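In what follows, a single structure is set out as structure tokens and then discussed.
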Amino acid sequence: MLDVQNISFATPGGKKLLHPTSFKAGLGELIAIIGPNGAGKSTLLKSLSNQLHDASGDVFWNEANLKNLSPQEQALKRAVVAQQVYMTMEFPVREVVLMGRYPHFQKQPSKHDFEAVDWAIRQAEVEHLIDRSYNSLSGGEQQRVQIARAFAQLHEINGPGLLLLDEPLNNLDIKHQHRFLDRVTEFTKQGNTTLLVIHDINLAALYADKVAVLKNGELIAFDTPVRALTEKNLLTAYDFPVRVEHHPYHNAPAVYFGCPATAHEKINNSTSKQYQL
Amino acid sequence: MTSGKRSILLTILALLVTASIFVASGLGAVKITIIEILDILLTKLGISNGQSQHEAVFWIIRLPRVLLSAFVGAGLAISGTAMQGIFRNPLADPSIIGISSGAASTASVFIVVLSAILPQWYTMWGVSLLSIASFIGAAITAWLIFTISHTKRGADLATMLLAGIAINALGGAITGVMTFLADDVQLRSLTFWTLGSLGGATWQSAGIVAAITTVCLIFLIPISKGLNAMALGESEALHIGINVQSLKVRVIILTTLAVSATVAFCGIIGFIGLAVPHILRISFSSDNRFLLPASALGGALLLIWADTLSRTIAQPAEVPIGVITALTGAPVFLYLLIQQKRKAKYA
């Protein structure tokens, strides 16, 4: 399981982007990280992927401190998909997906590597794109190719995999958002752990096992969607009128931002102190 | 690109290079036929007992020169490919980050100052000392650029490119001052250095450059996976297990070595490092598993023929090789810039 112990990060100028944060995530759990702009979501994800050299604290993955592993050893346990990956040279999609297998082979990919690539291409539903140049794809298609690359990377590794996704839904249409989250859920349920930064709170409520709510670099809630996505937490985080109901078709909270009169009254009547932690 | 197709293309390129070495060695003021060349080679091997009158021309002048141009071309082109990989920029080139210019300006100071202070030394040891001076110049420049752009998180590539531009300007100015101070004889020597020439080829220089280029090939070809990954971005490369920092250090050291060796013996030969990888990329593939070996072969091929052109086009005079490569390379560079701009517009 993932055990995050007191990780924090400050810019060289001393601005604290992430206050000491600790949490645990089990195998088979999908964790959604939500919060307003500048809350430290990406910073949290980057410190889990060892991208921030000045971050303090420790990240343990199955008892192993990630800090003590070489980039290759880390790559055999953890895959990361960034918000938008622009490639500087032209590469066909198949080669990009094969890059996920780079930590697995020395010089030439094995038959097993190609099988992993084919499997990942099917999983991410990008079969029709494999011969095209990556840079000629739309943003959403590139995103799906990147997730295929990550799936290929974590395919049949020795032990559970850790998948980190930074706003993977940004360029996807509604259908592909759900398809994508179904795939990620399926992958997670196979005994892996996934953390994803997401803006759509209702999607987080539907798919996540736990939700982490961030505000100003602090973790203000880390719990199941029902417990984490309360009106109080969301108002604190987003500072915007919000109402939480029960989802009519799913056993999950449904979050409505905006201005239904009752919600407004509720907020106007409440003292601001009540909502500050 | 499948590994089968890759092998076929590389074999074709290798055969073209081999054929070019023979054909180009035959061309020049004295024509030598392929049959004569084979006869000379067999005689050298002790198999045949030929009596070709052209043996001296071929063995002492032509062959070392053609071989030197092949290895210089290979070294420059593979350096360009590797640098473009770590800079994540198809415009990066050893001459752009200032290594070539650092070497050449050191050489120019050396020519003018040493020949003025110690003329006897200069006549005796000039060429070897000059080579060492340009080697030191290239190494200092590379170290300087690396130190300036080095941060706690690794080499900052934007700073590196900007530092390269500044060093190019500085190197140009130093060479300019030396040109101003130089007398007629020195001026000819300076022209050799700044425009490049393979005229000084000997078996010794060809051997040294061949050894250095081979070392670079041996250590650069295995990093093709890392260079491919760098196209995704530095952090993405790290996430798929590439040790980005050691990759950068390796490329910087090896390209400095290759470039300074070529500058030491042949002066500045621009655009090979830029044009060759780019032409191969648009014609075939960006996959560095193909691109690194292919650019070594392509660079050899291009420089063999550029040099043949330079020594035959205005016989018996020689057109500086830098002029020929710039004349063919500059349009490619401009085309590249226009293409990049067009792409950025639609991105």
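What follows is calculated from the coordinates using simple rules that are stated; it is not laboratory data. All of these numbers come straight from a predicted model, not from anything done at the bench. When we count neighbours, we look across all protein chains shown, and the Cβ atoms used for this are built from the backbone with ideal geometry, even at glycine.
So who's got an amide H within less than 5 Å of the one on A:Ala252, skipping anything under 5 residues away but keeping other chains? H placed 1.01 Å off N, in plane.
Counting only residues 5 or more places away or on other chains, the set is A:His247.
Determine the alpha carbon to alpha carbon distance for each of A:Lys67/A:Lys189; A:Lys107/B:Lys5; A:Lys15/A:Lys67 and list only those over 19 Å.
Numbers: A:Lys67/A:Lys189 26 Å; A:Lys107/B:Lys5 17 Å; A:Lys15/A:Lys67 23 Å.
Beyond 19 Å between Cα atoms: A:Lys67/A:Lys189; A:Lys15/A:Lys67.
Residue-wise, which Karplus ³J(HN,Hα) couplings in Hz belong to the stretch B:75-88, taking 6.51 cos²θ - 1.76 cosθ + 1.60, θ = phi - 60°, and x for glycine or proline?
My calculation for the stretch B:75-88 gives x, 5, 5, 6, 5, x, 4, 5, 5, 4, x, 7, 7, 6 Hz in order.
What's the average, rounded to a whole number, of partner chain beta-carbon atoms within 10 Å of each residue's beta-carbon in A:96-106?
Numbers: counts 3, 0, 3, 9, 3, 3, 8, 6, 2, 1, 2.
Per residue, the average neighbour count from other chains is 4.
Mind checking the angle between helix A:139-153 and chain A's longest principal axis? C-alpha axes, 0 to 90 degrees, to the nearest 10.
Around 70 degrees separate the two axes.
Give me a single rounded figure for B:279-285: the average over its residues of other chain Cβ atoms within 10 Å of their Cβ. Mind showing how you got there, number by number?
Values: counts 0, 0, 2, 1, 0, 0, 5.
If you average over the peptide's residues, the count of other-chain Cβ atoms is 1.
Could you order peptides B:259-267, B:278-286 by the average number of other Cβ atoms within 10 Å of their residues, highest first?
Working: B:259-267: 28.6, B:278-286: 18.8.
The peptides rank, most packed first, as B:259-267, B:278-286.
Ranked highest first by the average count of other Cβ atoms within 10 Å around their residues, in what order do B:56-68, A:245-257 fall? All intermediate terms of the calculation are to be shown ahead of the outcome.
Values: B:56-68: 20.5, A:245-257: 13.6.
Packing proxy ranking, top to bottom: B:56-68, A:245-257.
Each label point is 7 Å from the Cα along the Cα-to-Cβ direction; what then is the distance between the points at B:Thr214 and A:Asp223, in nm?
7.1
With the contact rule set at Cα under 8 Å and sequence spacing of 6 or more, what percent relative contact order holds for chain B? Don't skip to the answer; put the middle values down first.
Numbers: 502 pairs, mean separation 104.2, N = 347.
Dividing the mean separation by the residue count of chain B yields 30 percent.
List, in order, the whole-Hz ³J(HN,Hα) value for each residue of the stretch A:228-241 obtained from phi through the Karplus relation with A = 6.51, B = -1.76, C = 1.60 and θ = phi - 60°; use x for Gly and Pro.
Once θ is set to phi - 60°, the couplings for the stretch A:228-241 become 7, 8, 9, 4, 5, 4, 5, 5, 4, 5, 9, 6, 8, x Hz.
With θ set to phi - 60° and the Karplus curve 6.51 cos²θ - 1.76 cosθ + 1.60, what are the ³J(HN,Hα) couplings of the stretch B:97-108 in order, to the nearest whole Hz, using x for Gly and Pro?
After applying 6.51 cos²θ - 1.76 cosθ + 1.60, I find 7, x, 5, 4, 5, x, 5, 5, 6, 4, 4, 5 Hz.
Taking every residue in A:79-91, how many Cβ atoms of other protein chains lie within 10 Å of its Cβ, on average?
Working: counts 2, 5, 2, 5, 0, 1, 5, 5, 8, 11, 17, 8, 6.
Average neighbour count from other chains, rounded to a whole number: 6.
Can you tell me which of B:135-147, A:221-233 comes out highest on packing, and rank the rest after it, using the mean Cβ neighbours within 10 Å?
Values: B:135-147: 20.2, A:221-233: 18.4.
The peptides rank, most packed first, as B:135-147, A:221-233.
Can you list residues from other chains, or at least 5 along the same chain, whose modelled amide H is less than 5 Å from the amide H of A:Thr230?
Sorted by chain and number, the residues that satisfy this come to none at all.
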